[in-house]
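Any read-out appearing in this document is the output of simple, stated calculations on the displayed coordinates, not a laboratory observation. Bear in mind the structure is a predicted one, so any value in this text is a computation, not a measurement. Because the Cβ atoms are built from the backbone with ideal geometry, glycine has one as well, and the counts that use them run over all protein chains shown.
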Amino acid sequence: VMDSSKSEYAEKLCNVRGLIIYKDFAKNWDNVEAFQARPDDLLIATYPKSGTTWVSEIVDLIYKEGNVEKCKEDVIFNRIPFLECKNEEHFDGIKQLENMASPRIVKTHLPPEYLPVSFWEKNCKMIYLCRNVKDVAVSYYYFHLMVPAHPNPGTFPEFVEKFMNGEVPYGSWYKHVKSWWEKSKSPNILFLFYEDMHEDIRKEVIKVIHFLGREPSEELVETIVNHTSFQEMKNNPTTNYTAIPDEFMNQKVSPFMRKGIVGDWKNHFTVALNERFDMHYEQEMKGSTLKLQTKI
Ligand code: A3P
Ligand code: EST
């Protein structure tokens, strides 16, 4: 079992300058590094499974001034291309972006150190969304099961071991959020929390509208809150990823819009695993001023 899982990792994932990433993405790395950002690009950065799709739909609706029908004209991964995404002939984030008119909204899961330098040179606005690490681990586990580009994650405790060691695509969650947290001292970067969005979505939506230099009319905020609820996005074929064929994303195994709640980790972590995880968390995060919401 050990040998076959090891060879499956080598077959599907790859280490690019210290970052673990999908092999297909790695083959395209020269193009990622050379990517030319434009000054009016908006970057949405997250660690995978932190609510990227949710905040992306919110931002696109702000750009489209609350025109829901316009958002529904195309799937979210065409409206907001995924920068480093590459899969043979099916997906190419760089190519999509190059052919796109400004202003562009760009999705990435890259840590700041791996972001194409032009984003820094052009001083682009960026939004980073952070989610409670335990819920990220749970969500990433189901994502591993449903997306065949991942090695088999094994049991949940086995996966959590890999996750803690950063042996998953995009590497260590701890490094990722710590680095982006440091970067977010710049006024160009808005740092948001998934749990805050759950607690008071209106407040967070207004925050994003202000960050984008616009005025939050009552009507716009109302439209966004309604259109981007979990149920709406789960039933919306342009946001629920059902347009991606089963061979790449098998939603019969687990839906992309899975639960969309805070605290699902409590249904997955045993007391012992939780204690081990907490100890490791303290070690990894000591020295950082970033504090997650702990009341969940
Ligand atoms: P769960 O697997 O916990 O349900 P990403 O978009 O970064 O891949 O993150 C996916 C996670 O965000 C999933 O978490 C998904 O259900 C959740 N999500 C997506 N849209 C949401 C929404 N509108 N409200 C709340 N959660 C949402
Ligand atoms: C990875 C992270 C993410 O937030 C969304 C997606 C959707 C598309 C997925 C990709 C991913 C992982 C790699 C792929 C891709 C579709 C084909 C490709 O191989 C599975």
Net +/- balance of residues flanking residue 42 in space, Cβ distance below 9 Å, scoring K and R +1, D and E -1 | 0
Among 86/107; 178/259; 72/134; 64/134; 107/207; 107/266, which pairs are too far apart, with a Cα-Cα distance over 22 Å?
-> 178/259; 72/134; 64/134; 107/266
Taking all pairs of distinct Cα atoms, average 1/r, flip it, and tell me the Kirkwood hydrodynamic radius of the stretch 37-172 in Å to one decimal place.
-> 16.1 Å
Can you list the residues of the stretch 18-43 with backbone N under 17 Å from a point 7 Å past the Cα of residue 212, pointing along Cα to Cβ?
-> 39-43
Whole number please: convex hull volume per residue of the Cα set in the stretch 170-296, in Å³?
-> 159 Å³
What is the extension gain from residue 31 to residue 280, computed as 0.36 nm multiplied by their sequence separation minus the C-alpha to C-alpha distance, in nm to one decimal?
-> 86.1 nm
Dividing the mean separation of Cα pairs under 8 Å (6+ apart) by the residue count of the chain yields a relative contact order in percent of 24 percent
Show which aspartates and glutamates lie in cross-link reach of residue 12 when reach means a straight Cα distance below 14 angstrom and same-chain residues fewer than eight apart are skipped.
-> 24, 88, 167
Fraction of beta bridges assigned by DSSP in the chain that are antiparallel (%, nearest 5) = 30 percent
For residue 291 and residue 90, what is the calculated FRET efficiency with R₀ set at 45 Å and r taken between the beta-carbons, to the nearest 0.05?
-> 0.65
What FRET efficiency comes out for the pair residue 70/residue 186, r = Cβ-Cβ distance, R0 = 30 Å, nearest 0.05?
-> 0.45
Plugging the Cβ-Cβ distance of residue 196 and residue 4 into 1/(1 + (r/R0)^6) at R0 = 41 Å yields, to the nearest 0.05, a FRET efficiency of 0.45
